[in-house]
Amino acid sequence: MTPDRADVLIVGGGLAGSLVALAVAARDASRRITVVDSGAPQEGQSDSHTWSFHDTDLSPDAARWIAPAVAHRWPGQEVRFPSYARRLRAGYASLTSQSLRAAVEALPMVTRLPGRATAIGAAGAQLHDGSRIDAPCVIDATGRVPRGYLTLGWQKFVGVERQTARPHGRALPIIMDATVDQRDGYRFVYTLPFAPDRILIEDTRYSDGPALDHASFEAGIEDYARAQGWDGTEARREHGVLPIAMAFDAEAFWADAAAGPVPVGMRAGLFHPVTGYSLPLAARAADIIAAAMLESPVSTASVMAAMRRFALETADRQRFLRLLSRMLFRGAAPPARRKVLERFYRLPEPLIERFYAGDLTRADQARILLGRPPIPIRDALPCLREAPLLEDLRRKRAT
Amino acid sequence: MARIAFLMPPYRSHAAVHGALAARLAGRGHEVIFVGPPALQPHAQREGAGFQPFRGPAQAGRIGGGPAGFARLLRDTARATRAHALDGPAALRAARADIAVVDEMEPGGSLAADAAGVPRVTLAASLPLRRDPGMPPPYVGWDWREGEDGVRRAEGAWRVSDWLMTAQRRALAEGCRLHGLPVRDRPSDWIGAEGSVAQWIAALDFPRPQPVGPVVGPIRRPVAAAADPPLFDGAPYVFASLGTIAGGRLRLFTVIARAARLAGVNVAVAHCGGLSPAQAAALTAIWPGRIDVRAFFDQLPAIRGAAAVVTHGGLNTVLDAAGFGVPMVALPLGNDQNGIAARLRRAGAAITLSPRRVTPDSLAAAIASVTTDPRWRAALDPARAEIAAAGGADAAADAVEGALR
């Protein structure tokens, strides 16, 4: 099969693009897919990556087609705060750059094409070597966040996968260990025990700016490892700057995107506004695209219509999550952010699961805000409305 | 051969007991590892054991300092227990421990062992925590009271104690929920299935319906064969020590030195590093040539050779003196020393004085009494006999090995 005769052209071989390939292939194995993968890190990404999800984040369908890409699974996870720790019952799983690539390469009708697109349109893409690929349906999964339409805070992390000289003893992921010193906003350490003598240690910070001071993160990781006697060597490293959304002008974004390729993933602002995690929404978007391709002749326009509907609904559902982000970044002073999170994790488990899946009910929302408010009302009031931030964004786009 | 983990509060008095047991087990071919937060590391090093760290306090909770100090100690205790509950299980797995020896005073260690699925033996280095009828909490200095009245009084005291320990109980409950264990939030809930290996002997205890577990007496390292020359060239002397925690009480040491001069008996003062060289010199100057002030003596020979021991009533010093039949004057300062003093009074085994009210005169009278009246030494005969038969470190090592099978 030659790549220039594809039914679907996916530009970007990261998480969002790869999941589209997996979902489409799972629904219709005859579909010819070309994935243009630059292999080089995009803005805010690194070569090597780990993406994780809670079992409760995915539909049963998505859980099935994502399974070949899963590298590690755990039966639960923990969170830790200075005065509260708990185990969460939802299973947890991780994909790695390698496991994801291997799963995509195993699909018979998918071609991975190393290369970088210099221009992407609704009918095809221009590659850096001058060649052009045309396809009836073009997906833009290049990962660049449309900053002009979003007001952002940042979740920055550096992760070191360590080969420990002796077993580290950890059995479950700790998705938030906030018992560490607070620096640079809200700080926690995230650990994934991949094997008895292998553990990923990520120093993570919720900061106002996206600058990543590697030395400070490395020191944080080293302190954490040394305190537990995890001597060893670095096997792999990753870093990233994930966006946290405080405001999103989704209407304007999709209006401006209408004539181009179908944006997915980070490119479409499809991420969890509070955690920056993109996998659950990327999986759902992939399902939407796969379903749309079954209903009508495959075209950029038909997939665009389905995606646009899904994305606008999502943005609407995420209103409350963006409010939480505003409260976290604009309402709480950096040292108070930890308290907000600690309070959140004391809530009932089903609510926490719905939070990660982006499915909070109205009752959940009330529960999060009422009772003892996470931040003083006086500080919360100015954060309540998204409109002033949207107005700012519009002004900036106009100039 | 097994890998044996030791978990305890990071105090020298506890670490010395675990260290002696660890040395005995190492001598039988086992591998011994202290497991704890950074505060335990220097103790592991001194005791010659391996060390497996986990995240937690870098310093031991400080004892003393009035009500504010007490509140701080309760908070520090809870913090250490929480560190054990959260990160202890992974550390025990990392240490590949086949069994854990856990001090009764760090229930978080037992929680960690249960969470990690590591069998454990509890060790009562201090007064046993088991709540037998009428038994007040260890740090209560009440004399024994028979009957219903005594039982009710003890229950009341435990209620207050449980309330004071709320922060630690919370940490234990949280740890249980985190690791899916049934919630047990009182330190006494974590006593091992076979009871605790206990240093404190029945002859000096308040009455209990049955032993708290294998009572082994003092767990010590063997005394070096080449001992130092006798103190004061073999002339009679009193050995005085206020323990490792209260080593800095200059006022009390001064009272002890003056009392010795009044009683006309040499005195060897161990300040455990709590006095500055200048303070130690000032103490010596009270009665030059008759007062020997050092940070540490080779304690067992020093006690064995003494005519009497003036002590804060720490459990280790008291058991060592009792084992040699050396009469005591106890000045209980805190912790379980009040409870120990009450037990010594009941056994008629020591004179106890309040450290706040003691004067050179009253202490000199007490020293004169215990050194001249043979009944004080005779009163220790049952204790001496029990200790001689109890087996010490060897019996403790047997109990640990027994739990391995």
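The values are calculated or read from the model by the stated rules, or taken from the named source; none is laboratory data. These numbers were taken from a predicted model, which means no experiment stands behind them. Using ideal geometry, Cβ is built from the backbone for each residue, glycine included, and neighbour counts are taken over all protein chains shown.
Structural remarks
- Residues in the range A:271-292 that are crowded, with 24+ Cβ neighbours inside 10 Å and in contact with a Lys or Arg (Cβ under 9 Å, 6 or more places away or on another chain): A:P273, A:V274, A:A290.
- Neighbours by Cβ (under 6 Å, 6+ apart or cross-chain): first from the range B:353-375, within 21 Å of B:R343 (Cα to Cα); second of a type outside the set (A, V, I, L, M): B:V370/B:P327; B:V370/B:W376
- Of residues in the range B:50-68 being more than 29 Å from A:A178 (Cβ to Cβ) and away from chain A (no Cβ under 14 Å), the one surrounded by the most Cβ atoms within 10 Å (Cβ to Cβ): B:I63
- Residue within the range B:240-258 that is over 27 Å from B:A379 (Cα atoms), basic (K, R) and assigned to a strand (DSSP E or B) present: no
- The criterion of being in contact with a helix residue (DSSP H, G or I) (Cβ under 9 Å, 6 or more places away or on another chain) and not hydroxyl-bearing (S, T, Y) does not hold for A:A301.
- Within this structure, B:R220 passes the test of being at pLDDT 90 or above and in contact with a helix residue (DSSP H, G or I) (Cβ under 6 Å, 6 or more places away or on another chain).
- Residue among B:A235, B:A202, B:A225 that is outside the structural domain of B:A60 (by TED's automatic domain parsing), at pLDDT below 90, under 30 Å from B:A397 (Cα atoms) and surrounded by fewer than 19 Cβ atoms within 10 Å (Cβ to Cβ): B:A225
- One residue from A:Y84, A:Y92 being among the hydroxyl-bearing types (S, T, Y), touching a Ser or Thr at 6+ places or on another chain (Cβ under 9 Å) and farther than 16 Å from A:A25 by Cα: A:Y92
- Looking across the range B:69-99 at every residue that is modelled with pLDDT of 95 or more and away from chain A (no Cβ under 13 Å), the one that is farthest from B:L164 (Cα to Cα) is identified as B:D98.
- Single condition A:T118 does not satisfy, out of (1) in contact (Cβ under 8 Å) with a residue 12 or more places away in the chain; (2) assigned by TED's automatic domain parsing to the domain that holds A:V303; (3) assigned to a strand (DSSP E or B): (1)
- The single condition from (1) of a type in the set (A, V, I, L, M); (2) within 19 Å of A:A258 (Cα to Cα); (3) surrounded by fewer than 21 Cβ atoms within 10 Å (Cβ to Cβ) that A:I139 fails is (3).
- Restricting attention to the range B:10-37, the residues that are within 14 Å of chain A (Cβ to nearest Cβ) and more than 21 Å from the chain's Cα centre (by Cα) add up to 1.
- A:M176 meets each of the listed conditions (1) part of a loop (DSSP other than H, G, I, E, B); (2) within 14 Å of another protein chain (Cβ to nearest Cβ); (3) within 22 Å of the chain's Cα centre (by Cα) apart from (1).
- Here A:D61 fulfils each of the conditions (1) modelled with pLDDT of 90 or more; (2) surrounded by fewer than 17 Cβ atoms within 10 Å (Cβ to Cβ); (3) closer than 27 Å to A:F157 by Cα apart from (3).
- The residues of the range B:269-304 that are of a type in the set (S, T, N, Q) and under 28 Å from B:R221 (Cα atoms) amount to a single one, B:Q299.
- Among the residues of the range A:142-167, the ones that are surrounded by fewer than 16 Cβ atoms within 10 Å (Cβ to Cβ) and either among the aliphatic types (A, V, I, L, M) or at positive phi (or both) come to 1 in all.
- Summed over the range A:59-106, the residues that are within 14 Å of another protein chain (Cβ to nearest Cβ) and of a type in the set (G, A, S) give a count of 3.
- Against the list (1) touching a residue at least 12 places away in the same chain (Cβ under 8 Å); (2) under 30 Å from A:R31 (Cα atoms); (3) part of a strand (DSSP E or B); (4) not small (G, A, S), the condition A:Q126 fails is (1).
- Hits in the range B:52-78 (condition: of a type outside the set (A, V, I, L, M, F, W, C), over 23 Å from B:V400 (Cβ atoms) and touching a helix residue (DSSP H, G or I) at 6+ places or on another chain (Cβ under 8 Å)): B:R55, B:G56, B:P57, B:Q59, B:G61, B:R62, B:G65, B:R75, B:T77
- All told, B:G313 meets the bar of being crowded, with 20+ Cβ neighbours inside 10 Å and either without any contact (Cβ under 8 Å) to a residue 12 or more places away in the chain or not in a strand (DSSP E or B) (or both).
- A:L95 meets the conditions (1) crowded, with 18+ Cβ neighbours inside 10 Å; (2) farther than 30 Å from A:L393 by Cα; (3) modelled with pLDDT under 90 in every case but one. The failed one is (3).
- A count restricted to the range B:146-190 and to residues that are among the aliphatic types (A, V, I, L, M), within 14 Å of another protein chain (Cβ to nearest Cβ) and assigned to a helix (DSSP H, G or I) stands at 5.
- A:G159 vs. criteria among the small types (G, A, S) and assigned to a loop (DSSP other than H, G, I, E, B): no
- Search result, residues across the range A:219-239 that are among the hydrophobic types (A, V, I, L, M, F, W, C) and either surrounded by 18 or more Cβ atoms within 10 Å (Cβ to Cβ) or free of Cβ contacts under 8 Å to residues at least 40 places away in the same chain (or both): A:A219, A:I221, A:A225, A:A227, A:W230
Yes/no per residue for (1) loosely packed, with under 12 Cβ neighbours inside 10 Å; (2) at pLDDT below 85; (3) under 25 Å from the mean Cα position of the chain (by Cα):
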site	(1), (2), (3)
A:E295	yes, yes, no
A:R308	no, no, yes
A:A311	no, no, yes
A:L321	no, no, yes
A:A336	no, yes, yes
A:I377	yes, yes, no
A:A380	no, yes, no
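- Lone qualifier among A:G169, A:G124 - being in the same structural domain as A:V36 (by TED's automatic domain parsing), more than 23 Å from A:V340 (Cα to Cα) and at pLDDT 90 or above: A:G124
- Enumeration of residues in the range A:213-235 that are farther than 10 Å from A:D203 by Cα and within 9 Å of chain B (Cβ to nearest Cβ): A:R226, A:A227, A:Q228, A:G229, A:W230
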